[in-house]
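Undergrad: Sharing a structure here in structure tokens format.
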Amino acid sequence: MDTPLIDMLYEYRARQRERWHTPGHKGIKPPHGNFLDWSFDVTEISPMHETPNPLERSERLMAEAFGVERTWYSVQGATLGVMAAILAANPPGSTLWIDRSMHRSVLGALMIGGYHVRWLWPSVLPAGLSLPLDQFPETLKPASGLVLARPTYDGLAGSIERVVARAHQQGLTVVVDEAHGSHWPVGGGFPTSALHQGADLVVHGVHKSEAALTQTGLLHLQGTRVDEGAVDQWMSLLSTSSPSFLLLASLDRLQWERRQPGRDPIWHAFSARMQELWNTLEKRGVGVLQAWAHRSGWQVDPARLTVLGPGREIENRVKLIGELEKISPGSATFFLAPGQDLENLTRALIDTPWPEDRGAWEPLPWPRLEAFMSVRETWGRARRWIPLEESVDHVLAAAVTPYPPGVPVGVPGEIVSVETRDWIREWQRRGGGHVEGLRQEDGQSWLLVVA
């Protein structure tokens, strides 16, 4: 049989390596049981025509579990939720304040809605890691909305309660892409969810850290600033008309798990184990982003471990026993979950302490590009590929995005600067991960630009 994808998956499973990456179920039985089955893959069946139907009842239970007024299920990951939330909360053509450490899914909403953008720029560490956004203008008008990404891909977060209150006082809606924070219980060393800080719409990519299948997500609504009917409309327009019931069943299992009294203690115990791992590694000379961030006053997700050091070398060091989530030229990031044994990972990392670069903790400004046209205006324009070396002063026709984390360095409509070109060169030279929006041909890199 010529089945390349199935062959790849069988080969991956046969290696029996540890999974230090998404999805959160890690290929093991969830602590509260697993009752999904291949036979659940069906299309519309008669109970779905009831009012309320089983899906609506399950979504209500999920909303109850999160303590929100309404929850929508997504079988198109957090991407669907991010786009629907922005479009439902903001009139087309209006102005938005957007966290520049956004996921690329925001670009879809910018294209459809024809929005004008004012960027909010976080700081970054030399290792290529974003810090939480902590600087906001006092006056947010005349924008209609504020769009934040929280936590960072490496699990760092700051409090947003004050800026959310300020935005509401000035008439703005607040959408938070909290794709990596669905698992956070209250307390126990975890960040405080945006759901508890006044955000109007919050998006969760539950497969990233919980026992849910890949491509599942949630969109939560609180308060009356965003019309519930508008969310219904956008979710219906952007969603597939044939959702996978296997994926929906995965979400149904999750809402049940979240309502079990034993769930939060499991995560709290895991938090303690992870913080002990951070301390163990630091004592052996390993630079740990999360430990440093915690000392610096940030909220930190204990399910993340980011080791400062040459990312490609760290990956090579551990790949015989496990697969990590992402690398940058100066770091390697592991996503972990309750139920995983941390012994092998600990041994792999402390056997080779990576010398800590003291300069690695000094924040740098995010490289800023100038916009020549909006994301919407680039849509449908003639495009062409040109060598990276000849790209300066050309206008990007597609996002340039290290993936993961999926945060664009340049977005469609922005002008390629010398700094942008040099950043890409350096990322590649130092062995950074894959960059979407680049093409390798004839021994050189090519960028897609507006013709």
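The values are calculated or read from the model by the stated rules, or taken from the named source; none is laboratory data. Being a predicted model, the structure only gives us computed values, none of them experimental. We place every Cβ from the backbone using ideal geometry, glycine too, and count neighbours over all the protein chains shown. Ligands, DNA and RNA are stripped out before the accessible areas are found, and what is left, the full protein with its side chains, is counted by its heavy atoms. Shrake-Rupley method; radii C 1.70, N 1.55, O 1.52, S 1.80 Å.
Undergrad: Within the chain, which DSSP H helices have Cα atoms that stretch 15 Å or more along the helix axis and a mean Kyte-Doolittle hydropathy of at least 0.5?
TA: Details: long enough: 4-15 (17 Å, -0.37); 54-66 (18 Å, -0.46); 77-89 (19 Å, 1.98); 228-238 (16 Å, 0.26); 245-258 (19 Å, 0.17); 263-283 (31 Å, -0.86); 418-429 (16 Å, -1.78).
In the chain, the long hydrophobic H runs are 77-89.
Undergrad: Continuing with the same structure: Could you compute how fast the range 375-451 diffuses translationally, taking Rh as the Kirkwood radius over C-alpha pairs and applying Stokes-Einstein at 25 °C with viscosity 0.890 mPa s? Give it in µm² per second. Kindly include the intermediate steps, with their values, before the conclusion.
TA: On the way: Rh = 12.4 Å.
The diffusion coefficient I find is 198 µm²/s.
Undergrad: Then there is this: In the chain, with Lys and Arg counted as +1 and Asp and Glu as -1 at Cβ, which of these residues, Ser417, Pro31, Pro329, has the Cα nearest the positive end of the dipole, that is, farthest along it?
TA: Looking along the dipole axis, the top candidate is Pro329.
Undergrad: Then there is this: Sort Glu69, Glu323 from largest to smallest accessible area, using a 1.4 Å probe on the heavy atoms of the protein chains. Spell out each step's value before the answer.
TA: Values: Glu69 130, Glu323 65 Å².
Result of the area sort, largest leading: Glu69, Glu323.
Undergrad: Let me ask you something else. Counting only heavy atoms of the protein chains, get the accessible area per residue of the chain (1.4 Å probe) and round it to a whole Å² value. Can you show the working numbers first?
TA: Details: 20220 Å² over 451 residues.
I get 45 Å² per residue for this part.
Undergrad: Further question on the same structure: Largest first, how would Thr216, Thr139, Thr280 line up by accessible area (1.4 Å probe)?
TA: On the way: Thr216 0, Thr139 90, Thr280 55 Å².
From most exposed to least exposed: Thr139, Thr280, Thr216.
Undergrad: A further question on this structure: Quick one: net charge of Asp393's neighbours, Cβ under 13 Å, K/R +1, D/E -1? Working shown, then result.
TA: Working: positive: Arg421; negative: Glu370, Glu389, Glu390, Glu414, Glu419.
Combined, the nearby Lys, Arg, Asp and Glu give -4.
Undergrad: How big is the range 39-118 by Rg and Dmax over its Cα atoms, in Å?
TA: 16.4, 48
Undergrad: Please list, short to long, the whole-number percent of alpha-carbon pairs of the chain in consecutive 20 angstrom bins beginning at zero.
TA: Computed distribution, short to long bins: 24, 58, 17, 0.
Undergrad: Accessible area, 1.4 Å probe, largest first: how do Lys208, Lys26 sort?
TA: Lys208, Lys26
Undergrad: A further question on this structure: With a 1.4 Å probe and all protein chains kept in place, how much accessible area does Trp97 have, in Å² rounded to the nearest 10?
TA: We get 30 Å² for Trp97.
Undergrad: On to the next question. With +1 on the Cβ of every Lys and Arg and -1 on the Cβ of every Asp and Glu, and nothing else charged, how large is the dipole of the chain about its Cα centre, in debye rounded to the nearest 20? Don't jump to the answer; show the numbers that get you there.
TA: Working: 43 positive and 52 negative charges, 112 e Å.
Rounded to the nearest 20 debye, it is 540 debye.
Undergrad: I need the Kirkwood Rh of the range 37-180: take the reciprocal of the average 1/r across all distinct C-alpha pairs and report it in angstrom. Mind showing how you got there, number by number?
TA: Numbers: mean 1/r = 0.0583 Å⁻¹.
One over the average 1/r among Cα pairs gives 17.2 Å for the range 37-180.
Undergrad: Oh, and also: Round to the nearest 10 and report in Å² the accessible area of His196, as given by a 1.4 Å probe over the protein chains' heavy atoms.
TA: Solvent-accessible area, nearest 10 Å²: 110 Å².
Undergrad: On to the next question. For Lys326, list the lysines whose Cα falls under 28 Å from its own Cα; do not include residues on the same chain fewer than 8 positions away.
TA: Here the lysines satisfying the reach criterion relative to Lys326 are Lys26, Lys29, Lys208, Lys283.
Undergrad: Now, a different point. Restricting to the range 97-235, what percent of DSSP beta bridges are antiparallel, rounded to 5?
TA: Antiparallel bridges: around 30 percent, rounded to the nearest 5.
Undergrad: Of all the C-alpha pairs in the range 194-290, what % are more than 21 Å from each other?
TA: Values: 2601 of 4656 pairs.
Counting pairs separated by more than 21 Å, the tail of P(r) holds 56 percent.
Undergrad: Ok, one more. Sort 256-266, 140-150 by the packing proxy (mean of other Cβ within 10 Å over each peptide's residues), most packed first. If you can, show how the numbers build up before the last one.
TA: Details: 256-266: 14.5, 140-150: 22.8.
The most tightly packed comes first, giving 140-150, 256-266.
Undergrad: Give the separation of the Cα centroids, the range 174-202 to the range 315-337, in Å.
TA: What the calculation gives is 26 Å, centre to centre.
Undergrad: Follow-up question, since we're still on this one. Along its three principal axes, how long is the range 207-351 when you only count alpha carbons? Whole Å, largest extent first please.
TA: Cα spread of the range 207-351 along its principal axes, largest to smallest: 54, 30, 28 Å.
Undergrad: Here's a follow-up. So how far, in whole Å, is the C-alpha centre of the range 72-95 from the one of the range 259-299?
TA: Result: 32 Å between the Cα centres.
Undergrad: Can I ask one more? Kindly report, to the nearest 10 Å², the accessible surface of Met111 as traced by a 1.4 Å probe over protein heavy atoms only.
TA: Its heavy atoms expose roughly 40 Å² to the probe.
Undergrad: Which listed residue (Gly158, Pro142, Leu131) has the Cα farthest towards the positive end of the charge dipole for the range 62-159, taking +1 on Lys and Arg C-beta and -1 on Asp and Glu C-beta about the Cα centre?
TA: Pro142
Undergrad: What is the sum of charges around Ala230, taking Lys and Arg as +1, Asp and Glu as -1, for the other residues whose C-beta is under 13 Å from the C-beta of Ala230?
TA: Summing Lys and Arg as +1 and Asp and Glu as -1 gives -2.
Undergrad: Now a separate question. If you take every residue apart from Phe136 with its C-beta less than 9 Å away from the C-beta of Phe136, what net charge results, scoring Lys and Arg +1 and Asp and Glu -1? Working shown, then result.
TA: On the way: positive: Arg162, Arg166; negative: Asp134, Glu138.
For residues surrounding Phe136, the net value is 0.
Undergrad: Could you work out [θ]222 nm for the chain from helices alone, using -39500 (n - 2.57) per DSSP H run of at least four and dividing by all its residues? Round to the nearest 500 deg cm²/dmol. Please report the intermediate quantities before stating the final value.
TA: Numbers: 13 runs with 141 residues, N = 451.
Roughly -9500 deg cm²/dmol at 222 nm, from the helical runs in the chain.
Undergrad: Report P(r) for the range 141-211: all Cα-Cα distances, bin width 10 Å, range 0 to the bin holding the largest distance, values in whole percent.
TA: Over the range 141-211, the share of Cα pairs per 10 Å bin runs 21, 51, 23, 5, 0 percent.
Undergrad: Rounded to a whole number, what % of the accessible area of the chain do carbon and sulfur atoms account for, probe 1.4 Å?
TA: On the way: 10320 of 20220 Å².
Carbon plus sulfur share of accessible area: 51 percent.
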